[in-house]
1. Taking only the range 236-259 into account, find how many residues are aliphatic (A, V, I, L, M) and under 14 Å from the mean Cα position of the chain (by Cα).
2. In the range 64-117, how many residues are within 12 Å of the chain's Cα centre (by Cα), over 16 Å from Asp235 (Cβ atoms) and among the small types (Gly, Ala, Ser)?
3. For residues in the range 197-225 being among the polar types (S, T, N, Q) and in a strand (DSSP E or B), which is nearest to Thr168 (Cα to Cα)?
4. The conditions are (1) surrounded by 14 or more Cβ atoms within 10 Å (Cβ to Cβ); (2) part of a loop (DSSP other than H, G, I, E, B), and Phe194 fails exactly one of them. Which is it?
5. State all residues of the range 127-164 that are over 13 Å from Thr263 (Cα atoms), at pLDDT 90 or above and not in a strand (DSSP E or B); if no residue qualifies, say none.
6. Of a type in the set (Phe, Trp, Tyr) and modelled with pLDDT of 85 or more - does that describe any residue in the range 82-103?
7. Would it be correct to say that His254 is in a helix (DSSP H, G or I), modelled with pLDDT under 95, under 25 Å from Trp138 (Cα atoms) and not charged (D, E, K, R)?
Amino acid sequence: MRGRCIALVLAIGLVLGGCFNPWVDDKAPEGVIRIVINPDGQAESSSVEPKLIPEDADSVRIRVWHETSGYNAVATVHLNGAAQDIDIPVPEDTGYTVDAVSYYMQNRRATALTGGRAVNVDVEAKAITNVAINLRAWDTDTVGDTVVEPEDLYTVEFIAADAGGLLTDDTFKGATLHTSDVTFQNPAAALPLFPQTAAVHNDNRFTFSAYAPDVADETVLYVCALVEFVQNWRDTSLLDRDEQVLYLELPNRHMDEDLYELTVDPSAGGVVVEITDL
């Protein structure tokens, strides 16, 4: 994320993973989707700025899908520092959606860094369709309690924003809440092992309710959500099963977002006794 610029053209031909609708005629005339990932506003450029494909990224996952026909194809590009050409053949049709996510493997998890989407892509038989996708980081808005008493129920909602339109139920499956009274802000640190609870999920919103720990002194609770991408984002052609599934952290430590902090304060409440002289 901080550092060198990776020059990359994804002009697109690998073995595709993911799911395919059995009702799609595999003998239908095919065209080719050719993807070029560019900086904002530079549709013909082949250089990708660090914030678009961060330095830490080692792969790009690409998903081509069609809402009406159910067609779904997934390809993964492992970055090697050189330009790579890949062609994705798809049945002739109008109205495809093409998504892309940059990610890297850490602690046996494929963690998303940036994403982007192109919509209403038309593919003609025996023709190449060029698609430009601008990858951007997810931003996180957080709404919730800031101070609670020990063992009290608190609520926090994480709202994913931006990321080139990857914000819907077509992208995210669900999320779990991870908390600790020891900071895990460093992206190299593993998430706390045991998720507290599952989220109430609505498109790009993930709402959690959980109980604060029982502490004797004022304590900061560090909080984040681990979001899983929908099954149609899985690349089952990858030999590493851990890499097949994509995840996103909210807030995204890997893109320099700060963990949410909640103060557990034993003195925040209690019983007030008033003594009067009768």
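1. Total satisfying the criteria: 5.
2. Going through the range 64-117 one residue at a time, the tally reaches 1.
3. Asn202
4. If we test Phe194 against (1) surrounded by 14 or more Cβ atoms within 10 Å (Cβ to Cβ); (2) part of a loop (DSSP other than H, G, I, E, B), just (1) comes out false.
5. The answer is Ala127, and nothing else.
6. yes
7. Numbers: in a helix (DSSP H, G or I): yes; modelled with pLDDT under 95: yes; under 25 Å from Trp138 (Cα atoms): yes; not charged (D, E, K, R): yes.
When the stated conditions are applied, His254 passes them.
The values are calculated or read from the model by the stated rules, or taken from the named source; none is laboratory data. Everything numeric in this text was worked out from a predicted model, so none of it was measured. Here Cβ is always computed from backbone atoms with ideal geometry, including for glycine, and neighbour counts include all displayed protein chains.
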